[in-house]
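Colleague: Can you read through this structure? Questions will come right after.
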Amino acid sequence: MTAVQYHELALLMSLNKAPIAVQRECRESEQLEAIEDRCLQSIKSVQRAYVLQAMHWLENDNCGVVGWFDDQYPKLLRTIERPPMVLFYKGRTELLSQASVAMVGSRKASHYGIQVTDQLARECAQSGLAVVSGLAMGIDAAAHRAALDYGATIAVLGTGIDQIYPRRNRELYELISHQGLIISEFSPGTPARMDHFPRRNRIISGMSKGVVVIEAARRSGSISTALSALREGREVGAVPNSVFAKSQEGCHWLLKEGAHLITCASDILSWFDISASEPSQQTRCTIPKHLANNPLFANVSNDPVSLDELVERTGLSVAEVSEQLLLLELEGLITAIPGGYIKVGRR
């Protein structure tokens, strides 16, 4: 640690907490050094202990800081009303310059929501987009996982860069830190706070060409992310769901307000003037030959169907249906959810 490094980091961390007017004035400067003469009297310094903690964290592999005056700072993020003056990161910083789309949604996602997210994130990642989300449970986690399997993902935190929230996503955090990118405007050691997440949401939408909402209540963080995107002139899309589910009213409200109807990845890729890539043989969904004429499998779809319904539709006995359902589950072709059985993936 050098005195210069400490001084620069301390100044950036102070700017991140400065009033909006002061930040705006600082952004007009061409370099960090010019800020001291121009705005130093208006900036409240950060306590030395916090700066030292950040400096210690920066000693870890693949960890660093991107400030407002760095060339690596995301271009789209520069254009929002209140861009962060500093971003702490862990992972692949080259993803900051990659075209990206945000995918957000309910923490209590349904199986339908997870399936849709997996399909959209996978195809967008295969087409060269980085998928941005907030590392929350449910839709966020599903988007990150699918994108990691087929391309790139960026997780934006509402905590310090070294804090994993929720803790159940520890394994996902580690995967993204090695294969993707994790960023936060909050310095190391900063715990989760309710007021931090709206600030995180503006970064999710701010660094993305557009935001796709997949399952969301009318009042939710996902809708606040979409509204941030609208304020910044970004694209906003929503995936339709059951009109009877009050927990999904946010998506339908967005659609009424003029959001793009998203039913497939091509709807998103059109924002970038690119076409969906052809799925590889490994990822293409096909019906196994031994099930081509199977009446039980033919009667399972993306909508839940109960055991009794399958018995009635197929004419098989309860024992026969139960046995075949078990075999199909073991093959990973169907899964049991509340309300019955559904197929896994696109069929």
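Read the figures in this text as sums done on the coordinates, not as results from a lab. These numbers were taken from a predicted model, which means no experiment stands behind them. All Cβ positions, glycine included, derive from the backbone under ideal geometry; neighbour counts span all protein chains shown.
Colleague: Compute from the Cα atoms of the stretch 94-272 the Rg and the Dmax, the latter being the longest Cα-Cα distance, and quote both in angstrom.
Modeller: Looking at the stretch 94-272, its Cα Rg and Dmax stand at 14.5, 43 Å.
Colleague: Sticking with this structure for a sec: Per 0.36 nm of contour for each residue apart, how much would the distance between Ala192 and Glu309 grow if the chain were fully extended, relative to their Cα-Cα spacing?
Modeller: Answer, rounded to one decimal: 37.5 nm.
Colleague: Using the Karplus equation 6.51 cos²θ - 1.76 cosθ + 1.60 (θ = phi - 60°), what ³J(HN,Hα) coupling, rounded to whole Hz, does each residue of the stretch 73-87 give in order, writing x for Gly and Pro?
Modeller: Whole-Hz 3J(HN,Hα) from phi for the stretch 73-87: 4, x, 5, 4, 5, 4, 8, 7, 4, 10, x, x, 7, 8, 10.
Colleague: Ala336 to Gln5: extension gain in nm, 0.36 nm per residue of separation minus the Cα-Cα distance?
Modeller: Here the segment from Ala336 to Gln5 would lengthen by 113.7 nm.
Colleague: Here's a follow-up. Given N residues in the chain, what is Rg(Cα) / (2.2 N^0.38 Å)?
Modeller: Against the empirical 2.2 N^0.38 Å value, I get 1.14 for the chain.
Colleague: Given a 10 angstrom Cα cut-off, can you work out which residue in Val104, Val213, Val305 is the most mobile in a GNM of the chain?
Modeller: Val305
Colleague: Near Leu76, within a Cβ-to-Cβ distance under 10 Å, what is the net charge of the other residues, with Lys and Arg +1 and Asp and Glu -1?
Modeller: Spelling it out: positives minus negatives among the neighbours equals +3.
Colleague: Give me the one-decimal Kirkwood hydrodynamic radius in Å for the stretch 289-343, with the sum taken over alpha-carbon pairs.
Modeller: Over the stretch 289-343, the inverse of the mean reciprocal pair distance is 11.0 Å.
Colleague: Considering the chain as a Gaussian network with a 10 Å cut-off on Cα pairs, which listed residue, Leu326, Leu181, Leu172, attains the greatest mean-square fluctuation?
Modeller: Fluctuation is largest for Leu326.
Colleague: Then there's this: Distance in nm between label sites at Gln31 and Arg218, each 7 Å beyond Cα in the beta-carbon direction?
Modeller: The answer from the label model is 5.4 nm.
Colleague: Another question, then. In whole angstrom, how far apart do the alpha carbon centroids of the stretch 203-279 and the stretch 297-320 sit?
Modeller: 34
Colleague: To continue, here is another question. Testing the spin-label approximation: label points 7 Å from Cα along Cα→Cβ at Asn299 and Gln179. State their distance in nm.
Modeller: Each label point is offset 7 Å from its Cα along the Cβ direction, giving 3.8 nm.
Colleague: Per the Debye formula with a single identical scatterer at each Cα and no solvent contribution, what log10 I(q)/I(0) holds for the stretch 40-132 at q = 0.22 Å⁻¹?
Modeller: -1.16
Colleague: Could you tally the net charge around Tyr112, taking each other residue with its Cβ under 10 Å from the Cβ of Tyr112, Lys/Arg +1 and Asp/Glu -1?
Modeller: -2
Colleague: If you place +1 on the Cβ of every Lys and Arg and -1 on the Cβ of every Asp and Glu, how big does the dipole about the Cα centre of the chain come out, in debye to the nearest 20?
Modeller: The calculated dipole for the chain is roughly 740 debye.
Colleague: Among Lys209/Lys246; Lys17/Lys209; Lys108/Lys256; Lys90/Lys246; Lys44/Lys90, which pairs are too far apart, with a Cα-Cα distance over 31 Å?
Modeller: Lys90/Lys246
Colleague: At 0.36 nm per residue, and after removing the present C-alpha to C-alpha distance, how many nm does the segment from Ser97 to Leu58 gain when stretched out fully?
Modeller: Computed gain between Ser97 and Leu58 is 11.9 nm.
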